[in-house]
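The values are calculated or read from the model by the stated rules, or taken from the named source; none is laboratory data. All values reported here derive from a predicted model rather than from experimental measurement. Here the Cβ positions follow ideal geometry from the backbone for every residue, glycine too, while neighbour counts run over all protein chains shown.
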Amino acid sequence: MPEGRPAVTRTRLTSAERALRDAVAALREEHRGWTFPPRVRVGELAGAHVGLEVPLDREPDGALIADMVDALVERALVEGVLPRRRPGAGWVLRPGAPEDDPTDRSWLREVSRAVQLRGLPAPGLWVVTKGGGTDLRTGRTRTWLRARRS
């Protein structure tokens, strides 16, 4: 093994980790460059979903975030991409490292609020980047050098 490189480990992935790896792979296919506009998505991680692009021209305040996410969750229900009987997911796709960020938390907190206000199970909350993803509920981060779809 080359010096300075971490050892490659092969572990069995949970279904959530497989979905996360698939979401990372899909993001890499969707955007070839390293910069792209951040997005918020609701539905099934690495499955059917609806999304919106985060406005970059100004920092959205809490009320605007709540209104945008409320409309997004409603659209997800109308289009049938957000499960009603089991937890769905909300995630932020953005450039950078897959680490916890206050801006991501504000968007995903609103996803959780909007979903639970409709009487649905609490969603999984994720930050997904080209390098990997973080489960904001557990704080666990997974990264992949070569993310492949399942």
| remark: The correct count of residues that are surrounded by 15 or more Cβ atoms within 10 Å (Cβ to Cβ), under 21 Å from T138 (Cβ atoms) and over 15 Å from the mean Cα position of the chain (by Cα) in the stretch 75-91 is 1
| message | I want to confirm something. Restricting to the stretch 11-38 and keeping residues that are over 13 Å from K130 (Cβ atoms), of a type outside the set (A, V, I, L, M) and in contact with a strand residue (DSSP E or B) (Cβ under 9 Å, 6 or more places away or on another chain), which single residue is surrounded by the fewest Cβ atoms within 10 Å (Cβ to Cβ)? | response | P37
| request: Residue by residue through the stretch 107-131, note down the ones that are among the hydrophobic types (A, V, I, L, M, F, W, C) and either farther than 16 Å from L82 by Cβ or touching a strand residue (DSSP E or B) at 6+ places or on another chain (Cβ under 8 Å) (or both). | output: W107, L108, V111, V115, L125, W126, V127, V128
| query | With (1) of a type in the set (A, V, I, L, M, F, W, C); (2) more than 21 Å from R75 (Cβ to Cβ); (3) assigned to a helix (DSSP H, G or I) as the list, and F36 as the residue in question, which single condition is left unmet? | reply | (3)
| request: Search the stretch 92-112 for residues that are within 18 Å of L45 (Cβ to Cβ) and crowded, with 21+ Cβ neighbours inside 10 Å and pair each with any residue that is aromatic (F, W, Y) and modelled with pLDDT of 90 or more when their beta-carbon atoms are under 7 Å apart and the residues are at least 6 apart or on different chains. | output: V92/W107
| said: I'd like to know if the stretch 37-58 contains one or more residues that are touching a residue at least 12 places away in the same chain (Cβ under 8 Å), among the aliphatic types (A, V, I, L, M) and in contact with an Asp or Glu (Cβ under 7 Å, 6 or more places away or on another chain). | reply: yes
